[in-house]
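Structure first, then comments.
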Amino acid sequence: MPVIRFWRDRKVRDVLWQALATVGLVVVVVFFVRNASDNMVKAGIASGFQFLWRDSGIEVPFNITGYKPSDTILALLWTGIVNTILVSAAAVVVATVIGFTVGLMRLSHNWLLSTLAAVYIEFVRNIPLLFFVLFWYFGVLSALPTPKESYDFLGVAFLNRRGLWIPLPNEVTGFQFALLAIVALIVAQIGLARWAKARQARTGQDFPTWMVGFVLCGLLPIAALAVAGAATSWDVPTLRGFNYRGGFVLVPEFVALFMALSTYTAGFIAEVVRGGIQSVRQGQIDAARALGLTPGRVVRLVVIPQAMPVIIPPITSQYLNLIKNSSLGAAIAYPEIVAVFMGSALVATGQAIEIIAITLGIYLTIGLAVSAFMNWYNARHRLVTR
Amino acid sequence: MKAARPPLPGWLATLRQRLFATPVDVAVSFLCVYVVWRISLPLVDWLLVEANWRGTSREDCTSAGACWVFIRARFAQFMYGQYPVPERWRVDLLGALAVCAAAALSWRRLPRRREAAIAALVILPPLGIWLLSGGLGLGIVETREWGGLTLTLFLAIYAGLIAIPLGILLALGRRSRLPMIRFASIVFIEFWRGVPIITVIFLASLLLPLIMPTGFNVDRLARAVIGLAFVIAAYMAEAVRGGLQALPDGQVEAAQALGLGYWRITRLIVLPQALRIALPAMTNEFIALFKNTTLVLIVSIFDLLGIAQAALADPAWVGMNMEAYVFAGAIYWFACFGLSQWSRLQEKRLQAAYGR
């Protein structure tokens, strides 16, 4: 019976199902778009992206881009992006440090230490991030003293309820030289490591690459920065009247968001680190010990190289989460993308669709860039090991 | 040769091995004890010893510790928000019904458990909306009056009820043979996973009224539920996909050899096994959803955290920030920790069942 055969045919059914799905999607989208354009015409909302070049008139209390309210909305968006990057970058670094420390503590054979780490992890992971953001902002920072009774850090940095005041260098020439020196040191270290590896392959002679690296890339850069810092004149914040003047102020919004993001994400990174290290099989460690490697070398040559590929992909997605979570700054009016653009600029212009599209586009671009990096890393790693 | 030391009694040996194995260990252990001491002593002092428990107003908080009087005075607000007092029995009734249903269904030897579960899933959600919002003989309570823990649970459960089936469909779609359906699922999943949830809640509250026909009003709370549900569905889909991938191909092939079609294979063979494997991951996504319900604060919907936040503005209770946060935080912590322990239990059962 040809009729039954026709619609029982798998290929025909595949095409039919897909056509049905496509038509369904298109109908839904067209329906929504038509409603939206109708509603916008009725409400008298303009469309298009010309608003980006209009003057914003929006005050941003915290910016390092030199933005003024007389600048365009595009400049406002850029300020938001920079503020997002600023708080995310700072929090990523600190979250990584705390996360690795706590993750390693969790693996300690010392029961007290590992329990302390477990308590920290279970504490931060089971409470909403917004809670921590509000807690730091309204609970901790608003309870800080007034500028007159600030916490004083060695007379150069001051913490009070209006923020954290830090000194700012008056000129940057010294630091430019220091940066050049550091780049040169890193290049030297890379060259040295290559030479040492080649020599070891050729002659079997060992070279203390790690120790030298510690000096070249750890101690000397610090020394260079210290010299540059000593040679530069600093703009140290000082108390004038009721507030501090000079230097640079990290507003309480920044401090609260930074503290919340870094401590919260650290709990997740700690679990990633623990999982990664535990994924290295005990046999590998036993074998390395049997070959007579010292404990330090077992960790450096056997555990870390095998744990890192397991750790890096999930840690990258934690970084991505952190960047996305920095949008919680909107809840305490930290001027990041969502607060200044989806909040202030949207209220000022009313162009919801364009603004939402741009905002989502920015986050999606960041996400795509990070996952592209992850794919590149995974591909590269596979080539190296197999 | 030195004589072996006499063996220590069991617990002492354990203590020695786990706390005092080397000099470094001893130092670390003492440091830990010191840290715990320094942190927990003032904490316990503030939370319990020096705390004020009795009274009705701020003046009753005389000692230095926490002022739990504040929580007592505003307890009903934390639970129900601005829900009208004479109608609060409806929330209680719904809660009682839900707890009874859950308890009955978790009893493994309940007769006709499957049918009962389906009946509960069909009856309870609409019943809940009716009880909470009113109509049909009950007084109407606007969603803007809902709040507190009631609202938090409402958001989590109703967003979950949408997100779980949607997530399963998306996961199936992502593994579909048909390129069009696969593509649409991937775009949907990756889009919602790629953007911050706060922007999705913004988006839902701004765009949903815009894309609906004129005169068709989407409730403010419904917008938040839909926004949350879409994001969580995308994450849920990835959890389910893990379960689908863990299923050996032979299962589907054997079912195909028996002549079953796609939907029957999916319903009878694939999903029962895949969902069981995916259950711990799905529970973790639900925990994430529960935590993310707090983000509705951004569109001025007052869930538990929002009520705590709003309570800080009460002039009669100035400076109760810590008490409000500790109370709300403790509820979140116990809920999430309980769920995660349950998820771990499921994982263990699973490992026992599959012998892995």
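Can you tell me which residues in segment B:258-312 are within 23 Å of the chain's Cα centre (by Cα), not acidic (Asp, Glu) and not in a helix (DSSP H, G or I)? Within segment B:258-312, B:Ser300, B:Ile301, B:Phe302 meet the criteria. Screening A:Gly292, A:Gly283, A:Gly296 for residues that are assigned to a loop (DSSP other than H, G, I, E, B), out of contact with any helix residue (DSSP H, G or I) (no Cβ under 8 Å at 6 or more places or on another chain) and surrounded by fewer than 20 Cβ atoms within 10 Å (Cβ to Cβ) leaves exactly one candidate, A:Gly292.
Residues in segment A:1-54 that are surrounded by fewer than 13 Cβ atoms within 10 Å (Cβ to Cβ), touching a Ser or Thr at 6+ places or on another chain (Cβ under 8 Å) and modelled with pLDDT of 85 or more: 1 in all.
Looking at this structure, is A:Phe214 assigned to a helix (DSSP H, G or I) and among the aromatic types (Phe, Trp, Tyr)? For A:Phe214, the condition - assigned to a helix (DSSP H, G or I) and among the aromatic types (Phe, Trp, Tyr) - is met. Among the residues here, B:Leu151 qualifies as in contact (Cβ under 8 Å) with a residue 24 or more places away in the chain, assigned to a helix (DSSP H, G or I) and out of contact with any helix residue (DSSP H, G or I) (no Cβ under 6 Å at 6 or more places or on another chain). Restricting attention to segment B:107-149, the residues that are under 15 Å from B:Leu93 (Cβ atoms) and among the polar types (S, T, N, Q) add up to 1. Going through segment B:111-124 one residue at a time, which ones are surrounded by fewer than 14 Cβ atoms within 10 Å (Cβ to Cβ) and not charged (D, E, K, R)? Within segment B:111-124, B:Pro111, B:Ile118, B:Ala119, B:Leu121, B:Val122, B:Ile123 qualify. Go through segment B:126-144 and give me each residue that's surrounded by 14 or more Cβ atoms within 10 Å (Cβ to Cβ) and not in a loop (DSSP other than H, G, I, E, B). B:Leu127, B:Gly128, B:Ile129, B:Trp130, B:Leu131, B:Leu132, B:Ser133, B:Thr143, B:Arg144 - these are the residues of segment B:126-144 that are surrounded by 14 or more Cβ atoms within 10 Å (Cβ to Cβ) and not in a loop (DSSP other than H, G, I, E, B). Within segment B:314-332, restricting attention to residues that are farther than 17 Å from A:Phe132 by Cα and outside any helix (DSSP H, G or I), which residue is nearest to the other protein chains (Cβ to nearest Cβ)? Here the residue is B:Gly319.
Would you be able to say whether some residue in segment A:135-150 is β-branched (Val, Ile, Thr), away from chain B (no Cβ under 14 Å) and more than 21 Å from B:Ile298 (Cα to Cα)? Yes; the residues of segment A:135-150 include at least one that is β-branched (Val, Ile, Thr), away from chain B (no Cβ under 14 Å) and more than 21 Å from B:Ile298 (Cα to Cα). Please verify whether B:Arg177 is among the charged types (D, E, K, R), assigned by TED's automatic domain parsing to the domain that holds B:Leu297 and touching a residue at least 12 places away in the same chain (Cβ under 8 Å), treating the condition exactly as stated. Considered against the rule, which asks whether it is among the charged types (D, E, K, R), assigned by TED's automatic domain parsing to the domain that holds B:Leu297 and touching a residue at least 12 places away in the same chain (Cβ under 8 Å), B:Arg177 comes out as no.
The rows are residues; the columns are (1) farther than 27 Å from A:Val97 by Cα; (2) surrounded by fewer than 17 Cβ atoms within 10 Å (Cβ to Cβ).
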{"site": "A:Ile315", "(1), (2)": "no, no"}
{"site": "A:Leu320", "(1), (2)": "no, no"}
{"site": "A:Lys324", "(1), (2)": "no, no"}
{"site": "A:Ala330", "(1), (2)": "no, no"}
{"site": "A:Gly343", "(1), (2)": "yes, no"}
{"site": "A:Ile356", "(1), (2)": "yes, no"}
{"site": "A:Leu368", "(1), (2)": "no, yes"}
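Evaluate segment B:111-120: report whether one residue or more is charged (D, E, K, R) and more than 30 Å from B:Val240 (Cβ to Cβ). Among the residues of segment B:111-120, not one is charged (D, E, K, R) and more than 30 Å from B:Val240 (Cβ to Cβ), which makes the answer no. Restricting attention to segment B:189-225, the residues that are of a type in the set (Phe, Trp, Tyr) and buried (at least 23 other Cβ atoms within 10 Å of the Cβ) add up to 1. Filtering segment A:49-75 to residues that are under 24 Å from A:Leu168 (Cβ atoms) and not small (Gly, Ala, Ser) leaves A:Glu59, A:Val60, A:Pro61, A:Phe62, A:Asn63, A:Ile64, A:Thr65, A:Tyr67, A:Lys68, A:Pro69, A:Asp71. Contact map, segment A:62-77: first residue closer than 11 Å to A:Phe341 by Cα, second residue assigned to a loop (DSSP other than H, G, I, E, B) and among the small types (Gly, Ala, Ser), Cβ cut-off under 8 Å, separation 6 or more or different chains; pairs are A:Ile73/A:Ser56; A:Ala75/A:Ser56; A:Leu76/A:Ser56.
With a cut-off of at least 3 residues that are outside the structural domain of A:Arg240 (by TED's automatic domain parsing) and touching a residue at least 40 places away in the same chain (Cβ under 8 Å), name the helices (runs of 4 or more DSSP H) lying wholly within segment A:95-203. Helices (runs of 4 or more DSSP H) meeting the threshold: A:173-203. With respect to the stated conditions, A:Ser279 is without any contact (Cβ under 8 Å) to a residue 40 or more places away in the chain, at negative phi and under 27 Å from the mean Cα position of the chain (by Cα). Restricting segment A:88-133 to residues that are among the small types (Gly, Ala, Ser) and within 13 Å of chain B (Cβ to nearest Cβ), the residue that is farthest from B:Gly306 (Cα to Cα) is A:Ser108. Taking the criterion of being over 32 Å from the mean Cα position of the chain (by Cα), assigned to a helix (DSSP H, G or I) and free of Cβ contacts under 8 Å to residues at least 24 places away in the same chain, the residues of segment B:47-66 that qualify are B:Glu59, B:Asp60. Listed by first and then second residue, the pairs linking a residue in segment A:349-373 that is at the interface with chain B (Cβ under 9 Å from one of its Cβ atoms) and more than 15 Å from A:Gln318 (Cα to Cα) to a residue that is surrounded by 13 or more Cβ atoms within 10 Å (Cβ to Cβ) and among the hydroxyl-bearing types (Ser, Thr, Tyr), with Cβ atoms under 6 Å apart and 6 or more places separating them unless they lie on different chains, are A:Thr359/B:Thr199. Taking the conditions (1) farther than 27 Å from B:Trp37 by Cα; (2) at pLDDT below 90; (3) out of contact with any helix residue (DSSP H, G or I) (no Cβ under 6 Å at 6 or more places or on another chain) in turn, A:Ala178 satisfies each one other than (3).
Looking only at residues of segment B:294-313 that are more than 10 Å from chain A (Cβ to nearest Cβ) and without any contact (Cβ under 8 Å) to a residue 24 or more places away in the chain, we find that the one that is surrounded by the most Cβ atoms within 10 Å (Cβ to Cβ) is B:Ala310. Evaluate the following for B:Arg177: is it within 13 Å of another protein chain (Cβ to nearest Cβ), more than 21 Å from the chain's Cα centre (by Cα) and of a type in the set (Lys, Arg)? When the stated conditions are applied, B:Arg177 passes them.
All conditions in (1) touching a residue at least 24 places away in the same chain (Cβ under 8 Å); (2) under 18 Å from A:Ile337 (Cβ atoms); (3) away from chain B (no Cβ under 13 Å) hold for A:Thr84, with the sole exception of (3).
From the list B:Val44, B:Val69, B:Val35, the one residue that fits, being touching a residue at least 12 places away in the same chain (Cβ under 8 Å), of a type in the set (Val, Ile, Thr), under 30 Å from A:Tyr120 (Cα atoms) and in a helix (DSSP H, G or I), is B:Val69.
The values are calculated or read from the model by the stated rules, or taken from the named source; none is laboratory data. What you see is a predicted model; the values in this text were computed from it and never measured. Because the Cβ atoms are built from the backbone with ideal geometry, glycine has one as well, and the counts that use them run over all protein chains shown.
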